[in-house]
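What follows is one structure encoded as structure tokens, with my remarks underneath.
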Amino acid sequence: MATAEAADRGPELLGVNIAFCVLAGLIVLLRCYTRAVLVKAFGLDDWLMIVATAFFLVYIVVSNLSVHYGTGQHMANLDPENIKNALMYWWFCYLFFCLTMVSSKLSFALFLLRITTTRIHAWIIHSASLGVVVAGIVFFFVTLFQCRPISYFWDRGQPGECLEMDVIMAIAYLYSAFSVITDFTFAILPGFVIWNLKLNARAKFALIVLIAMGCAASSAVVVRFGYLMRFKDPDFLWATIDIAIWSTVEMGLAIGAASLATLRPLVKMAAWKLGISSQRTTITQTPYGATMPPRSIPNNPEGGNQFDRNVYVMSEIHVKSGNDSQEKLHERDVEVVGAEEHRKKGAPKSFLRSVNPF
């Protein structure tokens, strides 16, 4: 039997919800500033991440309301009305979890497609995305219509029926399996996508962090595997608290990991302003911060996708000598010349010299 101190685990879920909501929200705000203001390459992947963050915020709200009415407590200690309200908000958590995860994974998939230049990498991204989207859609509609009428999920004082919980658990296991596969694919694939780019040590470290974050999100899914059987526990609000906690962790890490990959230009600018870096001219040419000479910019290689040249942005910071300083940030798309013209005329003078920022 649980002790009196452990009889209410709702505050645990509340704390996790608030922490990951603040963390994910801050990272996405920094992502939007970086992509819209610094590099001026705001794309569909950024819009999708904003949508995913909005869904996540709604999830946090309904999850906290569920805690308010009794999630994390033994149902025997709750009033019937509070049980109904807690279960209703738990049902909404099902839906917004699916919407958050599917939209965040699609956002990262589009992000990778913007820098993918080979057909095999594009097929891998499309296949992984299709799998998780299909699994997410199935999970969404099964949980949405698991009871007839829908309100029978939280109000058993009316005629109705629900699917066996074994069905919900099977769908949850299926979705979790696709999620793990997709997470590891999206975490490892960037290493192959930028294999031929010139990377400095810090860029490599940033890539390692990204891979680790992707695996961390997958780890949250793996941990949740061990708790899915608790869906069948009659003391539902108490037994499923760990499922709710690790679901929040998964969503927060998924949004954060996908957005951290875009923050390198902001980190470089902050480092210069704080005096950590003394370089006056920097180049941010890909969302991963890899530096690559303009001559090596892909130009729609045979059998590959059209490289998104909007991610190639040149920025300069000019510093006066002495105590006074003046900074000027230039951002523009790099001119791209066809391979044939490049061989005949050489690199155009309009290209600025690529400078390794570190």
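The values are calculated or read from the model by the stated rules, or taken from the named source; none is laboratory data. Note that the structure is a prediction, hence the values are computed from the model and not measured. Positions of Cβ are backbone-derived with ideal geometry, glycine not excepted, and every protein chain shown enters the neighbour counts.
Can you tell me how many residues within the stretch 217-242 are aliphatic (A, V, I, L, M) and either within 13 Å of the chain's Cα centre (by Cα) or surrounded by fewer than 17 Cβ atoms within 10 Å (Cβ to Cβ) (or both)?
Just the residues of the stretch 217-242 that are aliphatic (A, V, I, L, M), to begin with: 217, 220-223, 228-229, 237, 239, 241.
Filter again for either within 13 Å of the chain's Cα centre (by Cα) or surrounded by fewer than 17 Cβ atoms within 10 Å (Cβ to Cβ) (or both), leaving 217, 222-223, 229.
The qualifying residues number 4.
Looking at 95, 113, 130, 189, which one is in contact with a helix residue (DSSP H, G or I) (Cβ under 7 Å, 6 or more places away or on another chain) and at pLDDT 90 or above?
Working: 113 fails: at pLDDT 90 or above; 130 fails: in contact with a helix residue (DSSP H, G or I) (Cβ under 7 Å, 6 or more places away or on another chain); 189 fails: at pLDDT 90 or above.
Among 95, 113, 130, 189, only 95 is in contact with a helix residue (DSSP H, G or I) (Cβ under 7 Å, 6 or more places away or on another chain) and at pLDDT 90 or above.
Can you tell me which residue among 66, 127 is assigned by TED's automatic domain parsing to the domain that holds residue 27, in a helix (DSSP H, G or I), closer than 23 Å to residue 248 by Cβ and of a type in the set (Ser, Thr, Tyr)?
Working: 127 fails: closer than 23 Å to residue 248 by Cβ.
Of 66, 127, the one residue that is assigned by TED's automatic domain parsing to the domain that holds residue 27, in a helix (DSSP H, G or I), closer than 23 Å to residue 248 by Cβ and of a type in the set (Ser, Thr, Tyr) is 66.
Residues are listed down the side, and each one gets a yes or a no for (1) free of Cβ contacts under 8 Å to residues at least 40 places away in the same chain; (2) outside the structural domain of residue 80 (by TED's automatic domain parsing); (3) assigned to a helix (DSSP H, G or I); (4) under 16 Å from residue 96 (Cβ atoms):
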| residue | (1), (2), (3), (4) |
| --- | --- |
| 142 | yes, no, yes, yes |
| 158 | yes, no, no, no |
| 167 | yes, no, yes, no |
| 173 | no, no, yes, no |
| 179 | no, no, yes, yes |
